[in-house]
């Protein structure tokens, strides 16, 4: 169980820390995206965009400690549920809108974005179930699993770039 918990922690931390950092770096673009696709109240886009970044960062921070890892998994699971519903709403509109997933992305939402979120949700649910049964210690063997976590987190983070690279044939 320790290996599962720590693999899930590594994958989710790497993915969401990257998302949060990208949103901080491109906050103006992310706020603009929120204003176009979510916000109905003038001026609330800054609050909503900031809350998303803070929620992702806090959930990632929770994953760093054994005692708070279950809270991090639960928070990321909740965020992923909301984000996935949001992506489905954008897909249903059929206007080729961007998800703004990494803050500055202009790529239109595809079914691959939804699939990525479902996969990440499964990681958070699996990590939560495994972490709830006992506390996992991050040891030397887990550091050897981090490259494998990069193999999953990298494509999840760079999904828009991969779709662009393959010429939108994945859509």
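Values quoted throughout were computed directly from the atomic coordinates according to the rules given, and no laboratory measurement underlies them. Fair warning: this is a prediction, and the values are worked out from it, not measured in the lab. Quick reminder, even Gly has a Cβ in these numbers, built from the backbone with ideal geometry, and neighbours come from all protein chains shown.
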Next item on the list: For segment 39-134, state what percent of all Cα-Cα pairs lands in each successive 5 Å bin, counting from 0 Å until the bin that includes the largest distance.
Entry: 3, 13, 19, 22, 19, 13, 8, 4, 1, 0
Note to self: Counting each pair of different Cα atoms once, what's the Kirkwood radius of segment 1-40 in Å, rounded to one decimal?
What the structure shows: 11.8 Å
Checklist line | Separation in nanometres of the label points that stand 7 Å from Cα toward Cβ, at residue 36 and residue 86 | finding: 1.5 nm
